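This report concerns only the one structure given below.
Throughout, read-outs are computed from the coordinates displayed, never taken from laboratory work. Computed from a prediction, not measured in an experiment: that's the story for all the values here. Ideal geometry is used to build each Cβ from the backbone, glycine not excepted, and the neighbour counts take in all protein chains shown.
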Amino acid sequence: MGRQRDGAKELYWRELIRKWECSALSTGEFCWQREIAQHQLHAWRRTLERRDAEAQAGGARHSSHRSGSVKPSATNLAQRKSSGITPIC
């Protein structure tokens with residue numbers, strides 16, 4: 001049997017990643033200001049991208065995955081363009 005997901009933790013990381021994507025900060029600066037490890041941010045981003053892809057493959061659409069015309073700041077766009085989580089700034 002798999003571990004049960006912590007919905008509050010997932011929402012926290014989705015919001016944190018959205019804030020990072022909307023900021024003009026590098027990953028290092030963003031994480032330093034919030035006193036979190038960069039590897040945590042990247043690991044959660046990958047986890048959430050995988051969960052969203054699984055939900056889409058199953059015909060479901062996750063409520064936190066939205067598409068829109070708002071894009072991350074140009075400063076870090078190249079760094080973030082692989083992210084499947086579209087920010088709404």
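A few remarks follow.
- HN-Hα J in Hz across the range 20-27 - Karplus 6.51, -1.76, 1.60, θ = phi - 60°, x for Gly and Pro: 4, 5, 8, 7, 9, 8, 5, 4
- Taking a Cβ cut-off of under 14 Å around TRP13, the surrounding Lys, Arg, Asp and Glu residues balance to a net charge of +4, with basic ones at +1 and acidic ones at -1.
- Additional length obtainable on full extension of the chain from ALA8 to HIS39, 0.36 nm per residue less Cα span: 9.2 nm
- FRET efficiency estimate (nearest 0.05) - Cβ-Cβ, SER26 to THR47, R0 25 angstrom: 0.70
- The range 34-39 - phi-based ³J(HN,Hα) in whole Hz, Karplus 6.51/-1.76/1.60, Gly and Pro as x: 9, 6, 10, 7, 4, 5
- Look at ARG50, ARG14, ARG45 and count the other Cβ atoms within 10 Å of each Cβ; fewest to most, that gives ARG50, ARG14, ARG45.
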